[in-house]
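Before any comments, here is the structure.
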Amino acid sequence: MNETLRHTTGFLVVLGGGESGAGAAVLGKVKGYDVLLSDSGTIAPKYKELLEKEGIEYEEGGHSVDRIMNADTVIKSPGIPPTAPLVKALADKGTPILSEIEFAGRYTDAKMVCITGSNGKTTTTLLTYHILKEAGLDVGLAGNVGKSLALQVARENHDIYVIELSSFQLENMYDFKADVAVIMNITPDHMDRYDHKMENYVAAKFRILRNQTKDDFFIYWQDDPVVTSQISAVQAEALRLPFGEMREEGTAAWVDDNNVVHFHTPMDVFEIPRDRLALPGLHNLYNSMAAGLSASLFNIRNESICKALSDFEAVEHRLEYVDTVNGVRYINDSKATNVNSTWYALESMTSPTVLILGGKDKGNDYSEIEELVRKRVKAIVCMGKDNAKLLDFFGDKVSEIRDTHSMDEAVAECARLAAPGDTVLLSPCCASFDLFKSYEHRGDLFKEAVRRLHG
């Protein structure tokens, strides 16, 4: 930890009043900063209540630009792009702009297990947290899931944190160090944020390895071409623990005859029958491998790791079974906000599928799922404000395709297209912000619409 930064105070501005922003403001106040939280939109009531309870000044509906430009340090919400005029002006002035994770990391000596990737990071994060917590360790959950890391550092101060990190959060991390860094995979996503240049997105993801030493660990999927090609250019000293379906030289976790998952780490060797894993599907096999490897680095008994891998409950909005109506299974995969995530969902389908696609396109290339769509999808229901790109690409690849503009309309159309024995899969490939507040909102409305089919 940087001792100079630990004791630096002054005028701290927090841009964005969500979970990370409110938590950063509280930590700033605890550490002696003069704090202003500023949000161009509205701040949720629960965060206003927290700020008022802590006596922290805040504003919403716009920014006091002149005051903000006098900040000594700025903490930026990950959702605010670096190209935003106010952020750009602050950067041009030389004002330090940090992420909440970077800021919080300067005030704790806790061990950090940090997980990123285009897909699977939420499940892997929750699964890792589940294993550590069930083993009785003092562990916090933070980042894109759980509570703000900054708020926990200010109020709870755990021994270990398991943190899901997006590329947006990694952009403004500099001195922070992951004791265990995990990259699940890297496929095109958020291309609109990265000037439609894949190398910019990859570089943001690989910031998770910054500052690692020979005493740290780097866990990654050995079959991801983007990750493996980038590794050769990385100078990180951390011990590498790759995982994959097949055993290669140095592989730390793999599958034997599709039956047993083997884990070989510097700490121990153990195995678990694949059918004991709580989460089905190839993508969840990788998630379980990454979580099992991460947990094994904390001297947890092998039996405890195996038990936790077998009793974990699936993540909401990720291949979540909703209901069976008139012989048709309905699956909520609203968290699939990019093409690769939908690929994994389709890969796990074992019955004819009616697929709901659509939302805010982030520069998607749908050719990645074309083959699986031809093999497993009997019909597509497009759901978004503007479905022209989807209709054009998939129009000749399925026998039936529909254009809808609301959840109720989409689900009703699926019910007409599906036959007993089929599966209706909401796996949109796109962000939710054209019709919905978030992927959670989209998934919740899907579940409500499905349950109304019972009449």
> Taking the stated definitions as given, is residue 145 part of a loop (DSSP other than H, G, I, E, B) and within 17 Å of the chain's Cα centre (by Cα)?
Replying inline: yes
>> On the basis of being small (Gly, Ala, Ser), over 21 Å from the mean Cα position of the chain (by Cα) and open to solvent by less than 10 Å² (accessible area, probe 1.4 Å), does residue 410 make the cut?
In response: yes
> Restricted to the range 178-213, and to residues that are modelled with pLDDT of 80 or more and farther than 30 Å from residue 298 by Cβ, which residue is least open to solvent (accessible area, probe 1.4 Å)?
Replying inline: 201
> Do you know which residues across the range 47-94 are among the aliphatic types (A, V, I, L, M) and in a loop (DSSP other than H, G, I, E, B)?
Replying inline: 56, 69, 71, 80, 84
> Do we find a residue being within 19 Å of residue 172 (Cα to Cα), in contact with a Leu (Cβ under 8 Å, 6 or more places away or on another chain) and buried (at least 18 other Cβ atoms within 10 Å of the Cβ) anywhere in the range 52-65?
Replying inline: no
>> Looking at 36, 27, 12 in this structure, which one is modelled with pLDDT of 95 or more and under 17 Å from residue 148 (Cα atoms)?
In response: 27
> Just to be sure, is residue 388 farther than 25 Å from residue 187 by Cβ and either out of contact with any strand residue (DSSP E or B) (no Cβ under 8 Å at 6 or more places or on another chain) or in contact (Cβ under 8 Å) with a residue 60 or more places away in the chain (or both)?
Replying inline: no
> In the range 61-90, what residues are among the β-branched types (Val, Ile, Thr) and under 12 Å from residue 40 (Cα atoms)?
Replying inline: 65, 80
>> So, residue 30, is that one within 20 Å of residue 155 (Cβ to Cβ), within 29 Å of the chain's Cα centre (by Cα) and open to solvent by 30 Å² or more (accessible area, probe 1.4 Å) or not?
In response: yes
>> If I go through the range 337-358 residue by residue, how many of them are hydrophobic (A, V, I, L, M, F, W, C), farther than 20 Å from residue 409 by Cα and either open to solvent by less than 40 Å² (accessible area, probe 1.4 Å) or part of a strand (DSSP E or B) (or both)?
In response: 4
> Identify, please: which residue in the range 433-453 is of a type in the set (A, V, I, L, M, F, W, C) and either surrounded by fewer than 20 Cβ atoms within 10 Å (Cβ to Cβ) or within 24 Å of the chain's Cα centre (by Cα) (or both) and is, among those, nearest to residue 412 (Cα to Cα)?
Replying inline: 453
>> For the range 39-56, give me the residue count where each residue is more than 21 Å from residue 146 (Cα to Cα) and among the aliphatic types (A, V, I, L, M).
In response: 1
>> Name the residue that is most open to solvent (accessible area, probe 1.4 Å), counting only residues in the range 127-136 that are over 19 Å from residue 217 (Cα atoms) and of a type outside the set (Lys, Arg).
In response: 134
>> Checking the structure you have, find out if any residue of the range 238-258 is in contact (Cβ under 8 Å) with a residue 12 or more places away in the chain and within 19 Å of the chain's Cα centre (by Cα).
In response: no
> How do the pairs read when you match residues in the range 103-117 that are open to solvent by 10 Å² or more (accessible area, probe 1.4 Å) with residues anywhere that are of a type in the set (Asp, Glu) and outside any strand (DSSP E or B), using Cβ under 8 Å and keeping only pairs 6 or more apart or on different chains?
Replying inline: 105/175; 106/175; 110/159; 111/159; 111/179
> Name the residues in the range 138-187 that are touching a residue at least 60 places away in the same chain (Cβ under 8 Å), in contact with a His (Cβ under 9 Å, 6 or more places away or on another chain) and over 20 Å from residue 127 (Cα atoms), would you?
Replying inline: 168
>> Being open to solvent by 20 Å² or more (accessible area, probe 1.4 Å), touching a Phe, Trp or Tyr at 6+ places or on another chain (Cβ under 6 Å) and closer than 21 Å to residue 28 by Cα is true for just one of 151, 141. Which residue is that?
In response: 141
>> If I filter the range 385-406 for residues that are part of a helix (DSSP H, G or I) and within 20 Å of residue 318 (Cα to Cα), do I get at least one hit?
In response: no
> Looking at this structure, is residue 126 in a strand (DSSP E or B) and under 18 Å from residue 335 (Cβ atoms)?
Replying inline: no
> Mind checking which residues of the range 281-334 are of a type in the set (Lys, Arg) and either closer than 19 Å to residue 137 by Cβ or without any contact (Cβ under 8 Å) to a residue 40 or more places away in the chain (or both)?
Replying inline: 301, 307
> Within the range 102-119, can you find the residues that are in contact with a Gly (Cβ under 8 Å, 6 or more places away or on another chain) and part of a helix (DSSP H, G or I)?
Replying inline: 103, 104
> Among (1) open to solvent by 60 Å² or more (accessible area, probe 1.4 Å); (2) touching a residue at least 24 places away in the same chain (Cβ under 8 Å), which single condition is residue 69 missing?
Replying inline: (1)
> Just checking, how many residues over the range 90-133 are among the polar types (S, T, N, Q) and under 17 Å from residue 341 (Cβ atoms)?
Replying inline: 7
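The values are calculated or read from the model by the stated rules, or taken from the named source; none is laboratory data. Predicted model only: the values in this text are computed from it and were never measured. Glycine gets a Cβ as well: all are built from the backbone with ideal geometry, and neighbour counts include every protein chain shown. For the accessible areas, the whole protein counts, side chains as well, though only heavy atoms, and no ligand, DNA or RNA atoms are used. Shrake-Rupley method; radii C 1.70, N 1.55, O 1.52, S 1.80 Å.
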